[in-house]
Amino acid sequence: MIFPPNSPIYEYVLKNGYRSSPVLQQLHESTLKHPSHRMAAAPDEVAFFQFLIGLIGAKKVLEIGVFTGFTTLGMALSVPHDGKVIGLDISQEYTNVGIPFWKQANVDHKIDLRIGLAIESLDQLIANNECDSFDFIFIDADKPNYPNYYEKSLQLIKKGGVIAIDNTLWAGSVADNSVTDVSTTTIRQLNETIKQDDRVEFILLTVVDGVTLVRKK
């Protein structure tokens, strides 16, 4: 079930559903001031990823779409001291918001930020023989490229590793076949592709705007 952001039950979850570090909360508050703040993951979603990273013992993480680095910080706080979060984004302006908070949290040494086209950065990782080496990958970038990000992530994730794909319900528009814009159509098709993909196990969760978890067999 998806609750409206201002509903009492969702407010209850934000208050009582998880623990958050003070610096992570500060970055969230700074992100809310950004004109494009709706691009950021929700706090309970980030907390879920933090729990999941600990649950699977992830050390090497890839994030496709960093924005202000809110999720990046949450994941960097969750990997061990010798862990690594590689973050891909096209905008230095966006990511500059989060960098001071990464340093404040003393996790900036865990974060490898790469500015440029995500497709090119992914191809470089593949060319550098980093296939089958990542424990956890989070996809939350431009929706028309989701199928490309998914296929390249499957090359980079190790067997048993988890890929999390954000916005797979796209405000419910995926269920309305009369909605045919590029982003909706792409996400709808990717959902169908994953369902038929025998390379993986998966579950689409009704977390925030839909989060699909994919586990490579």
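Pick from 33, 103, 84: which is within 23 Å of residue 135 (Cα to Cα) and of a type in the set (Lys, Arg)?
Numbers: 33 fails: within 23 Å of residue 135 (Cα to Cα); 103 fails: within 23 Å of residue 135 (Cα to Cα).
Going through 33, 103, 84 in turn, the sole match is 84.
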| request: Tell me which residues, restricted to region 26-69, are among the hydrophobic types (A, V, I, L, M, F, W, C), open to solvent by less than 10 Å² (accessible area, probe 1.4 Å) and either farther than 11 Å from residue 140 by Cβ or in a helix (DSSP H, G or I) (or both). | output: 27, 46, 49, 53, 58, 61, 62
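Go through region 157-186 and give me each residue that's within 15 Å of the chain's Cα centre (by Cα) and not in a loop (DSSP other than H, G, I, E, B). Outline the logic, then answer.
Let us first name the residues in region 157-186 that are within 15 Å of the chain's Cα centre (by Cα), namely 157, 161-170.
157, 161, 162, 163, 164, 165, 166, 170, listed by residue number.
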| said: Given the condition open to solvent by 70 Å² or more (accessible area, probe 1.4 Å), touching a Lys or Arg at 6+ places or on another chain (Cβ under 8 Å) and within 25 Å of residue 155 (Cα to Cα), answer yes or no: does some residue in region 204-217 qualify? | reply: yes
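Taking residue 177, is it free of Cβ contacts under 8 Å to residues at least 12 places away in the same chain and either in contact with a Lys or Arg (Cβ under 7 Å, 6 or more places away or on another chain) or more than 28 Å from residue 78 (Cα to Cα) (or both)?
On the way: free of Cβ contacts under 8 Å to residues at least 12 places away in the same chain: yes; either in contact with a Lys or Arg (Cβ under 7 Å, 6 or more places away or on another chain) or more than 28 Å from residue 78 (Cα to Cα) (or both): yes.
So residue 177 fits the description; yes.
Please enumerate the residues belonging to region 8-52 that are of a type in the set (Gly, Ala, Ser) and at pLDDT below 90.
Within region 8-52, the subset of a type in the set (Gly, Ala, Ser) is 17, 20-21, 30, 36, 40-42, 47.
None - no residue of region 8-52 is of a type in the set (Gly, Ala, Ser) and at pLDDT below 90, so the list stays empty.
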| Residues that are open to solvent by less than 70 Å² (accessible area, probe 1.4 Å) and in contact with a helix residue (DSSP H, G or I) (Cβ under 8 Å, 6 or more places away or on another chain), drawn from region 109-120 | 110, 111, 113, 114, 118, 119
| request: Please enumerate the residues belonging to region 121-154 that are open to solvent by 50 Å² or more (accessible area, probe 1.4 Å) and touching a strand residue (DSSP E or B) at 6+ places or on another chain (Cβ under 9 Å). | output: 124, 132
| field | Residues located in region 121-170, provided they are within 27 Å of residue 184 (Cα to Cα) and among the hydroxyl-bearing types (Ser, Thr, Tyr) | value | 121, 146, 149, 150, 153, 168
| Which pairs have Cβ atoms under 9 Å, sit 6 or more apart or on different chains, and link a residue in region 2-17 that is touching a residue at least 60 places away in the same chain (Cβ under 8 Å) and more than 19 Å from residue 29 (Cα to Cα) to one that is charged (D, E, K, R) and surrounded by 10 or more Cβ atoms within 10 Å (Cβ to Cβ)? | 2/209
| task | Output the number of the condition that residue 141 fails; it satisfies all remaining conditions of (1) in a loop (DSSP other than H, G, I, E, B); (2) of a type in the set (A, V, I, L, M, F, W, C); (3) out of contact with any Phe, Trp or Tyr (no Cβ under 9 Å at 6 or more places or on another chain). | result | (3)
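The values are calculated or read from the model by the stated rules, or taken from the named source; none is laboratory data. Since this is a predicted model, take the numbers as computed values, not measurements. Cβ: placed from backbone, ideal geometry, glycine included. Neighbour counts: every protein chain shown. Remember, those area values only see protein heavy atoms, side chains included, never the ligands or the DNA or RNA. Shrake-Rupley method; radii C 1.70, N 1.55, O 1.52, S 1.80 Å.
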